[in-house]
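Chemist: So that we are looking at the same thing, I have put the structure below in structure tokens.
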Amino acid sequence: MSTAEHHVADHAHDDHDHGPAKGIMRWLTTTNHKDIGTMYLVFALIMFLTGGTMALVIRAELFQPGLQLVEPAFFNQMTTMHALIMVFGAVMPATVGLANWMIPMMVGAPDMALPRMNNWSFWILPVAFTLLLSTLLMPGGAPAAGWTMYPPLVQQTGDAFPFMVFSIHLMGASSIMGAINIIVTIMNMRAPGMTLLKMPLFVWTWLITAYLLIAVMPVLAGGVTMLLTDQYFGTTFFRADGGGDPVMFQHIFWFFGHPEVYIMILPAFGIISEIIPTFSRKPLFGYESMVYATASIAFLSFIVWAHHMFTVGMPLAGELFFMFSTMLIAVPTGVKVFNWISTMWRGAMTFETPMLFSIAFVILFTIGGFSGLMLAIAPADFQYHDSYFVVAHFHYVLVPGAVFAIMAGVYYWLPKWTGHMYSEKLGKLHFWISTISVNVLFFPQHFLGLAGMPRRIPDYNTQFADFNMISSIGAFVFGFSQLLFVYIIWRCVKGGEPATAEVWESPAGLEWTVPSPAPYHTFDVAPEVK
Amino acid sequence: MQCVRVFEYRPNCSLNPQSAAIFFAVVAVTSLLVAAYFVTLGLWPVLPFAGLELTALGAVLLHSLRRGRWHEIVSVSDGRVEIDIFTGRARRKIGFPRAWTQVELRRAPISGHPSHLFIGSQGRFVEIGRHLTEDERREQEKKLKRAIGGMGQSPEFERVGE
């Protein structure tokens, strides 16, 4: 007679400690995916408030025509730093934080595949942003040539220039390590039975996002390195006086920059695809088509970059190609919007805060998508280019798009993380103030752009005064309403009504099978997925 | 009849070498095509970054696959404790007399680092369960101790005693 005891366990855990250590060392040395996820999210929130403060400086200056508060040079530093911080410091780390928290739980893994690298990829970020923010105190001030860093303008940056390049390298390294970790976790650590087409949509969208990151990050790294060598080592990649071509930098930047937009928005699609089925009490409509649509968007993101530079001068065939390829993106995106709406159709819907943010996402992201389609029309873009219409477009995609999805995700999973329910009343208040103010903030910018107001200017013609004032009022209300978000999170962390394991009514996914708060080590034995 | 208890420690590894190779190829082809395009335009510094990144991805996938092949079997029979350790193609087999076998969970000298689970006797020990979590290792220590019994305890001995 023999008895066999088969123990199935994860393979990446030799560096796990015995539960959380105490004090600061817990956070410095932790390899636990939940701790690291929390750190990413807290860091993203701090950066969101920092970048938001810079946005308020911009909107305060634009409250009235004329120069009121800041010098034009500082205004340009604010626009540049606001963008760099929001893109690389707030949205990307927030989605990585959500990935860290949720992906291992969703695929039935006890942790990320490479826990030490996970710790490292987080701790690079505060260093990178300390470097970047320190440039505000340097001679010549912070970078002021826009987040696109076009030469030769960017090469007029003062002492801040190499610091900016180095901090971008660090952010890139952090993103790459994060992406590799996520890929290996998803590919190699799925629970038995968790086939690729059984993975939650959030996991799928992150897998494709990580793939995009790996494909485009070397382009950004190469681009900023060439800027550096042009500046200090006598190369002439982008210097016309040495036979180089500054327009090539625009191509290289947008070859990275456009997929970067999807790097920010695809995880948001994943979050929304988790939330809408839960609160519609129906499975996601068209799961497989969602996966294929995500992959199609990722593929198309590689062949649309020049729509950012229609006015730079390119052959007619090029303009047509990039115009049509850009319009093509509306097809898989339309599939997604259709599927979200079809999921809600005749569902037993309830409107808790995550669902409210998700519905707002679907509507407002679609508005951003439509203005994107308008910008895709090359002859029309000649009019809209570098106007406030562009500012309105990308803010609709990124704020009520990506940021609202992240907020929806935070409200959705917060009870799982903390073990407490947040205040639904305050959550709904936060939602309504944010949603109304974000539209007051960005919708008038469409009109400003169509009327001809250029972007990145601290002063403007008096004909733009009214809409700018309305936009600034919206900005201040939106900005300060985020303090309510911070308070809601803080209150939920401190206490509140205990959350059950499921939290919501019959949500789908392995993360809802573990108690709330999720144990420090989630799965001792890999769960079997039927 | 001899009673044998088998403890099998096998990491959960959902990736096989073939799908890892396909996945790596898809990523590498995309990344290298992009880099090659920029090289043709004279922007060669993109290539080393792409190479660096793919090397990192490849190394991590390989590392993950290798650890996935790690496989340990502890068989506790009446008189013997046999340990088979499979690391990829290599196989290591060690046996100890059950009556003299000890299970030890040694704490790491540095606080916060993982402990190590050893089985052995008479000064010869072998480490097992390196891929387990700390909680799992502690649980397995108890289970193995229960299955093997204390020093001098062994069904074989007991039968001789009868």
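The values are calculated or read from the model by the stated rules, or taken from the named source; none is laboratory data. Note that the structure is a prediction, hence the values are computed from the model and not measured. Counting neighbours? That spans all protein chains shown, and the Cβs are built from the backbone with ideal geometry, glycine included.
Chemist: Just a yes or no: is a residue in region A:110-120 in contact with an Asp or Glu (Cβ under 8 Å, 6 or more places away or on another chain), farther than 18 Å from A:Ile180 by Cα and either within 14 Å of another protein chain (Cβ to nearest Cβ) or free of Cβ contacts under 8 Å to residues at least 24 places away in the same chain (or both)?
Modeler: no
Chemist: Have a look at A:Asp241, A:Asp230 and point out the one that is among the charged types (D, E, K, R) and crowded, with 20+ Cβ neighbours inside 10 Å.
Modeler: Selected residue: A:Asp230, the only one of A:Asp241, A:Asp230 that is among the charged types (D, E, K, R) and crowded, with 20+ Cβ neighbours inside 10 Å.
Chemist: Going by what's in this entry, would A:Glu274 be described as surrounded by fewer than 22 Cβ atoms within 10 Å (Cβ to Cβ), in contact (Cβ under 8 Å) with a residue 40 or more places away in the chain, among the acidic types (Asp, Glu) and assigned to a helix (DSSP H, G or I)?
Modeler: It is false that A:Glu274 is surrounded by fewer than 22 Cβ atoms within 10 Å (Cβ to Cβ), in contact (Cβ under 8 Å) with a residue 40 or more places away in the chain, among the acidic types (Asp, Glu) and assigned to a helix (DSSP H, G or I).
Chemist: If you take the residues of region B:73-89 that are in contact with a strand residue (DSSP E or B) (Cβ under 7 Å, 6 or more places away or on another chain), away from chain A (no Cβ under 12 Å) and closer than 29 Å to A:Arg116 by Cα, which of them is modelled with the lowest pLDDT?
Modeler: Top of the filtered list is B:Phe86.
Chemist: Here's a follow-up. Tally up the residues in region B:101-146 that are in a strand (DSSP E or B) and among the basic types (Lys, Arg), please.
Modeler: Residues flagged as in a strand (DSSP E or B) and among the basic types (Lys, Arg) within region B:101-146 amount to 2.
Chemist: Exactly one condition in (1) in contact (Cβ under 8 Å) with a residue 24 or more places away in the chain; (2) in contact with a helix residue (DSSP H, G or I) (Cβ under 6 Å, 6 or more places away or on another chain); (3) of a type in the set (D, E, K, R) is not met by A:Glu497; state its number.
Modeler: (2)
Chemist: Listed residues A:Gly108, A:Gly158, A:Gly146, A:Gly141; which is among the small types (Gly, Ala, Ser) and buried (at least 23 other Cβ atoms within 10 Å of the Cβ)?
Modeler: Checking each option against the conditions leaves just A:Gly108.
Chemist: How many residues does region B:45-72 hold that are touching a residue at least 40 places away in the same chain (Cβ under 8 Å) and within 8 Å of chain A (Cβ to nearest Cβ)?
Modeler: Looking only at that region, the number is 6.
Chemist: Quick check on my filter: what residues within region B:130-151 are more than 7 Å from chain A (Cβ to nearest Cβ) and more than 14 Å from B:Ser75 (Cα to Cα)?
Modeler: B:Arg137, B:Arg138, B:Glu139, B:Glu141, B:Lys142, B:Gly150, B:Met151
Chemist: Okay, moving on. Return yes or no: is A:Phe202 in a helix (DSSP H, G or I), more than 30 Å from A:Ala508 (Cα to Cα) and either away from every other protein chain (no Cβ under 11 Å) or touching a Cys at 6+ places or on another chain (Cβ under 9 Å) (or both)?
Modeler: Taking the combined requirement at face value, the residue does not satisfy it.
Chemist: Here's something else I'd like to know. Among the residues of region B:1-31, write down those that are facing chain A (nearest Cβ under 7 Å) and closer than 21 Å to A:Val219 by Cα.
Modeler: If the condition is that a residue be facing chain A (nearest Cβ under 7 Å) and closer than 21 Å to A:Val219 by Cα, then B:Phe23, B:Val27, B:Thr30, B:Ser31 are the ones that fit.
Chemist: How about region A:386-437: which of its residues are part of a loop (DSSP other than H, G, I, E, B) and under 24 Å from the mean Cα position of the chain (by Cα)?
Modeler: Passing the criteria: A:Asp386, A:Tyr422.
Chemist: Being within 27 Å of A:Phe285 (Cα to Cα) and either within 12 Å of another protein chain (Cβ to nearest Cβ) or touching a Phe, Trp or Tyr at 6+ places or on another chain (Cβ under 7 Å) (or both) narrows it down to one residue among A:Val216, A:Val107, A:Val184; which is it?
Modeler: Every option except A:Val107 fails the conditions.
Chemist: Could I ask something else about it? Looking at this structure, is A:Ile176 in contact (Cβ under 8 Å) with a residue 24 or more places away in the chain, within 9 Å of another protein chain (Cβ to nearest Cβ) and in a helix (DSSP H, G or I)?
Modeler: Yes: the conditions hold for A:Ile176.
Chemist: Regarding A:Thr30, is this residue at pLDDT below 95, β-branched (Val, Ile, Thr) and surrounded by 18 or more Cβ atoms within 10 Å (Cβ to Cβ)?
Modeler: Yes; evaluated as a whole, the condition is true for this residue.
Chemist: Any idea which of (1) surrounded by fewer than 24 Cβ atoms within 10 Å (Cβ to Cβ); (2) polar (S, T, N, Q); (3) over 23 Å from A:Ser301 (Cβ atoms) is the one A:Asn188 doesn't satisfy?
Modeler: With respect to (1) surrounded by fewer than 24 Cβ atoms within 10 Å (Cβ to Cβ); (2) polar (S, T, N, Q); (3) over 23 Å from A:Ser301 (Cβ atoms), A:Asn188 is out only on (1).
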